[in-house]
1. Would you mind stating whether Val33 is in contact (Cβ under 8 Å) with a residue 12 or more places away in the chain, near the ligand (Cβ under 10 Å from one of its atoms) and touching a strand residue (DSSP E or B) at 6+ places or on another chain (Cβ under 9 Å)?
2. Among the listed residues Val198, Val116, Val148, identify the single one that is free of Cβ contacts under 8 Å to residues at least 60 places away in the same chain and more than 17 Å from the chain's Cα centre (by Cα).
3. From the list Thr314, Thr319, which residue is modelled with pLDDT of 95 or more, within 13 Å of the chain's Cα centre (by Cα) and either surrounded by fewer than 19 Cβ atoms within 10 Å (Cβ to Cβ) or not hydrophobic (A, V, I, L, M, F, W, C) (or both)?
4. Of the residues Glu277, Glu225, Glu251, which is at pLDDT below 95 and surrounded by fewer than 17 Cβ atoms within 10 Å (Cβ to Cβ)?
5. If the requirement is being surrounded by fewer than 21 Cβ atoms within 10 Å (Cβ to Cβ) and within 26 Å of Gly13 (Cα to Cα), which of these qualifies: Glu51, Glu94?
6. Would you please list the contacts, defined by Cβ atoms under 7 Å and residues six or more apart or on different chains, that run from a residue in the stretch 156-184 that is basic (Lys, Arg) to a residue that is away from the ligand (no atom under 11 Å from the Cβ) and in a loop (DSSP other than H, G, I, E, B)?
7. Working carefully through the options Leu5, Leu41, find the one that is buried (at least 20 other Cβ atoms within 10 Å of the Cβ) and either among the hydrophobic types (A, V, I, L, M, F, W, C) or more than 11 Å from the ligand (Cβ to nearest atom) (or both).
Amino acid sequence: MPKDLNFAVLGLGMGMNHCQAVVDAKGARLAAVCDHDEARLHAAITKFGCEGYTKYPALLKNRDIDAVCIATESGLHATHAIQAARAGKHLLVEKPVDVTPARIRQLREAVHRAGVQCGCVFQSRTEALNLRLKKAIDSGKLGKLIGVHAQLPWFRAQSYYEGPHGTWKGTWKLDGGGSLMNQGIHTVDLVQWFAGPVESVCGFIGVFGHKIEAEDQTVAILRFESGALGSIVTTTCAIPDQSQRILVYGEKGSFTKTAYLESFEAGTPKERRQMMEWYGHKKTSRLGRDPLAVGAAGHVRHIEDIVKAIRRNTRPGITIDDATHAVEIACAIFKSARTGKIVKISDVRK
Ligand SMILES: NC(=O)c1ccc[n+]([C@@H]2O[C@H](COP(=O)([O-])OP(=O)(O)OC[C@H]3O[C@@H](n4cnc5c(N)ncnc54)[C@H](O)[C@@H]3O)[C@@H](O)[C@H]2O)c1
C-alpha cells in the first residue's frame, strides 16, 4: 500500500469541510491547517489533531506537505494557489477557481511551470443524478438541445455579509460579484456542463435586499455555441428560499431537476421509469439557507480524485480549464449588465 498523501487546508470556514473530507478520503491524511484567525485555527487543531499555522509561507516551507486545499476568499484563490504551486505542492482549489479569467490564466501557467496537479471543486458534477443527466444529454437521449433554464432562489440574511468573515462577500474584488459568482457559480457550471459552451450573454443585475456592493439578484439570457438558448436567475433575496431548479429540453425530450429529479421525459419508457425510480425521491434540502450545509461527500470525491491524479500522474476530474468557463460566463453577464450590451464570451477572455 502506498503511503497516504499529506494534505494541508488553507482557510478554515468552508475549509473545515475540506478537513473532514481529507480525513474521510482514502489515500489522504490531514497533516496541517492554516488560518490567521486564531480561534478558527484552534477549533480545527482541536477537532482534527493536526499541525496548525497562522502564517501561510511557514506552512509552505513544510516539506512533508504534498497537497494544499485552497479555501480562502475567492479573489485570493489564484494568489494562494500560485504560492503553493511554486513551493511544489499539488492543489485542490475551491469554487470559483478565481474571479477573473486573467487571474485564472496566471494560475494555469504557474501550475504548468511547477508541474504539479491542480483539481478544482465543483462538487455538483460528482453527484450521481447530475452524472446521469449529463450522460443522457451526451448520448443524445434529449436530441439536439433547444432550451436550458436555471434558477437559484436562495436566501442570505444581512448578517452573512457582515462580521470578520462576511465583509468580503458580495464585493467585486474578493467575491467577484454576489449571488451569481458566489452561490450561483455551481448552477452556471452545471448549465454549461450540461449544454456546452456559451457564445454570448445578456444580463441584468441589482442590489435589492442587502447592503452589499455587487449584486443580490442576477437575471441573464444565454446563447450557447450549439445555438440553444438559456436563462439563469440567481438571488440571495428569496423568502422562503427554494432549491436550485434546472429545466433542459431538446428535440427528443426533457428533464426538470431540483435536488431530485422532477421529470424525465426522454429515452425508452423503461429508462424514464427507472430514472424516476432512482432519482425522483423527494429529499429535503437546506442548501438554500446554510452555506456550510453542503456536507463533505462531494469534497471526499474531489480529494480522492486529486490523490489518484497525483499518484498516477493523470488529469484531475475537473481541471483549471474545466472550471474556467463558469467564471467567464459570470464575468460576461456582469459586463453586459454594466454596458447594457450583449457580450460575447470571447470578449472576456482577452
Ligand atoms: N463548494 C462549495 O459548495 C462552497 C461552499 C461555501 C464556500 N465555498 C468557497 O470557499 C471559499 C471560502 O469561503 P468561506 O465562506 O469559507 O469564507 P471565510 O471567509 O469564512 O473563510 C476564509 C478563511 O480564509 C482565511 N484566510 C484568508 N487568507 C489567509 C491567509 N493568507 N492565511 C491564512 N488564512 C487566510 C480567513 O481568515 C478565513 O478564515 C470561497 O471561495 C467560497 O466560494 C465553497
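1. So Val33 fits the description; yes.
2. Just one listed residue meets the conditions, Val116.
3. Thr319
4. Glu277
5. Glu51
6. Pairs that qualify, where the first residue is basic (Lys, Arg) and the partner is away from the ligand (no atom under 11 Å from the Cβ) and in a loop (DSSP other than H, G, I, E, B), are Arg156/Thr236.
7. When all the criteria are applied, what remains is Leu5.
Conditions (1) in contact with a Cys (Cβ under 6 Å, 6 or more places away or on another chain); (2) modelled with pLDDT under 95; (3) part of a helix (DSSP H, G or I), marked per residue:
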site: Arg286; (1), (2), (3): no, yes, no
site: Val307; (1), (2), (3): no, no, yes
site: Ala323; (1), (2), (3): yes, no, yes
site: Ala326; (1), (2), (3): no, no, yes
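The values are calculated or read from the model by the stated rules, or taken from the named source; none is laboratory data. Because the structure is predicted, anything quoted here is derived from the model rather than measured. Positions of Cβ are backbone-derived with ideal geometry, glycine not excepted, and every protein chain shown enters the neighbour counts.
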